[in-house]
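Okay, so here's the structure we're looking at.
The values are calculated or read from the model by the stated rules, or taken from the named source; none is laboratory data. As the structure is a prediction and not an experimental result, all values here were calculated from the model. Positions of Cβ are backbone-derived with ideal geometry, glycine not excepted, and every protein chain shown enters the neighbour counts. Calculation scope for accessible area: heavy atoms of the full protein, side chains included, ligands and nucleic acids excluded. Shrake-Rupley method; radii C 1.70, N 1.55, O 1.52, S 1.80 Å.
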Amino acid sequence: MLLATDMSARCDRATHRAVALAEEWQAMLTVLHVLEDADSGGLYDLGPVPSWRRPRSGGGRQRASHG
């Protein structure tokens, strides 16, 4: 099974339903989360991009400094 989601609160019901169906059918559930490039303009102007959806600066994971 494939669940495509934007991980917003409005997707909670679909997520719970997909999990329940996967368990009932003993199926593997794959979750697909795709982010739109904030600079692309997009199809919809929904206002500013929330901080949790913005790409991290530095191009990768943050590493703790030891020193």
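Filtering segment 9-18 to residues that are open to solvent by 60 Å² or more (accessible area, probe 1.4 Å) and under 22 Å from Trp52 (Cβ atoms) leaves Ala9, Arg10, Asp12, Arg13, His16. Any residue at all in segment 52-65 that's surrounded by 10 or more Cβ atoms within 10 Å (Cβ to Cβ), modelled with pLDDT of 90 or more and part of a helix (DSSP H, G or I)? No, segment 52-65 contains no residue that is surrounded by 10 or more Cβ atoms within 10 Å (Cβ to Cβ), modelled with pLDDT of 90 or more and part of a helix (DSSP H, G or I).
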